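Data first, discussion second: the structure below is written as structure tokens.
The values are calculated or read from the model by the stated rules, or taken from the named source; none is laboratory data. As the structure is a prediction and not an experimental result, all values here were calculated from the model. Here the Cβ positions follow ideal geometry from the backbone for every residue, glycine too, while neighbour counts run over all protein chains shown. Protein only, heavy atoms only, side chains kept; ligands, DNA and RNA dropped before computing areas. Shrake-Rupley method; radii C 1.70, N 1.55, O 1.52, S 1.80 Å.
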Amino acid sequence: MDRNPQPGKAAVQGRGVIARYGAFLPVTAATPVVSLGEGNTPLIFSPRLSAAVGRGCEVFVKCEGLNPSGSFKDRGMTVAVSKALARGAQALICASTGNTSASAAAYAARAGMRCAVVLPAGKIASGKMVQAFIYGARIVAIDGNFDQALEIVRALGARDDFAIVNSINPDRIAGQKTAAFEIVDELGDAPDLHLLPVGNAGNITAYWAGYQEYCAAGKATRHPRMIGFQAAGAAPIYRGEVVTKPETVATAIRIGNPASWAQATRAIEESRGLIDIVTDEEILDAQRWLASAEGIFVEPASAAPIAGLLRAGAAGHASCFSASSIPDGSRIVCTVTGHGLKDPEVVSAAIPPPQPVSPNESAVWRALENGRS
Ligand SMILES: *Cc1c(COP(=O)(O)O)cnc(C)c1O
């Protein structure tokens, strides 16, 4: 059976970001590719979000939760793990707020390598913990936060045993650039504004590098303004100082001393963008709004840019990203970074306890009528 009628396309479809964008990545024909088919995620036009912003703006949501381990981390991990394998590394190590460990564990399994993950105890969403376990990683929880976990990993990585796959590894940033390439390839050019959550600040660094490289290669004529959102309780870049005890419901961005701080600042300055904050309440409201209004369920951290956009659309609120930051008719892309099912607890708390009714049509009809108001 001829399942691949177009040989050109068949060479890259479903084979991941190295197959598709290898020319822009630090790999050679000899690099052994470790891929789970990451990338090529949907860029979904969002009519209600567009209407909420108004003034003829078009909003698209880049759904990175549809990567193989459920977050954008897979784009960088395929490159980092392929290069680690090429160097003959036996084991990977990372600090993580959850998604880096899930991704590292998956790609280690694929590569036949060992993987160690160092996590802040009690601050990892349950779905991410389940992933690290089922993919077979060695898990060490510390009585401390992500920033401390990363310090320990930096020290352990100095020994030869481990390849560090945090975003301090430039191969991670390189792979993550491919999301910007996909957006330009799909829209025909760069958007006017690009909004995303900021934690360790690797992703905003990566997107900016991707947009710039695509301009340099003649594949885009312009670049977007980069707009980053931190959680109010974990906002070192916004506040201009290290936060020693970061706190937020959005555990993926619960970071007080971002590794790519300087690069993120440069991305914001060079793109004439900005960094803003959103509260936990705004994050959870936006998470629920995006699910119920657009059918897109993301984890709390991913809802941060949505919260910022909704607030700017509603105006009135004094913040640095406001309606005046959005010219009429802007084309806006929001990256939603991870899947909602990774962190069911934050939602479960809001579900009313079920009150069973008799198993017949009239009882169910009555229950539906009662629930309507
Ligand atoms: C890692 C992560 C972030 C933060 O990305 P940085 O590159 O650390 O700024 C945001 N959201 C999710 C879901 C993540 O996994």
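For the range 183-226, the set of residues classified as touching a residue at least 40 places away in the same chain (Cβ under 8 Å), out of contact with any helix residue (DSSP H, G or I) (no Cβ under 8 Å at 6 or more places or on another chain) and farther than 25 Å from residue 320 by Cβ consists of 186, 187, listed by residue number.
Of all residues in the range 260-285, which are among the hydrophobic types (A, V, I, L, M, F, W, C) and within 16 Å of the chain's Cα centre (by Cα)?
Let us first name the residues in the range 260-285 that are among the hydrophobic types (A, V, I, L, M, F, W, C), namely 261-262, 264, 267-268, 274-275, 277-278, 283-284.
Correct list: 264, 283.
Among residues of the range 252-265 that are more than 10 Å from the ligand (Cβ to nearest atom), those with a Cβ under 6 angstrom from a residue that is modelled with pLDDT under 95 and open to solvent by 20 Å² or more (accessible area, probe 1.4 Å), sequence gap 6+ or separate chain, pair up as 256/147; 257/147.
Once the range 292-306 is narrowed to residues that are open to solvent by less than 40 Å² (accessible area, probe 1.4 Å) and among the hydrophobic types (A, V, I, L, M, F, W, C), the residue that is farthest from residue 73 (Cα to Cα) is 293.
The rows are residues; the columns are (1) of a type in the set (Ser, Thr, Tyr); (2) within 16 Å of the ligand (Cβ to nearest atom).
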residue: 31; (1), (2): yes, no
residue: 53; (1), (2): no, no
residue: 84; (1), (2): no, no
residue: 97; (1), (2): yes, yes
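Contact map, the range 4-25: residues that are modelled with pLDDT of 75 or more paired with residues that are open to solvent by 70 Å² or more (accessible area, probe 1.4 Å) and not acidic (Asp, Glu), Cβ distance under 6 Å, separation 6+ or inter-chain. Pairs shown: 12/20; 18/33.
Quick check: anything in the range 343-351 in a helix (DSSP H, G or I), charged (D, E, K, R), modelled with pLDDT under 95 and out of contact with any Lys or Arg (no Cβ under 9 Å at 6 or more places or on another chain)? Break it down stepwise before answering.
Start the filter on the range 343-351 by keeping residues that are in a helix (DSSP H, G or I), which leaves 345-348.
Now drop any that are not charged (D, E, K, R), which leaves 345.
Still in the running and modelled with pLDDT under 95: 345.
Then drop every residue that is not out of contact with any Lys or Arg (no Cβ under 9 Å at 6 or more places or on another chain), which leaves 345.
Yes, the range 343-351 contains a residue that is in a helix (DSSP H, G or I), charged (D, E, K, R), modelled with pLDDT under 95 and out of contact with any Lys or Arg (no Cβ under 9 Å at 6 or more places or on another chain).
Looking across the range 124-140 at every residue that is farther than 24 Å from residue 84 by Cβ and touching a Gly at 6+ places or on another chain (Cβ under 8 Å), the one that is modelled with the highest pLDDT is identified as 127. Looking at the range 149-247, what helices (runs of 4 or more DSSP H) fall wholly within it and have at least 2 residues that are surrounded by fewer than 24 Cβ atoms within 10 Å (Cβ to Cβ) and more than 16 Å from the ligand (Cβ to nearest atom)? Hits in the range 149-247: 178-187, 202-216.
Taken together, the residues in the range 290-322 that are without any contact (Cβ under 8 Å) to a residue 60 or more places away in the chain, away from the ligand (no atom under 14 Å from the Cβ) and in a helix (DSSP H, G or I) amount to 3. Can you pull out every residue in the range 127-182 that is closer than 29 Å to residue 22 by Cα, among the charged types (D, E, K, R) and in contact (Cβ under 8 Å) with a residue 40 or more places away in the chain? Within the range 127-182, 128, 161, 171, 172, 177, 182 qualify.
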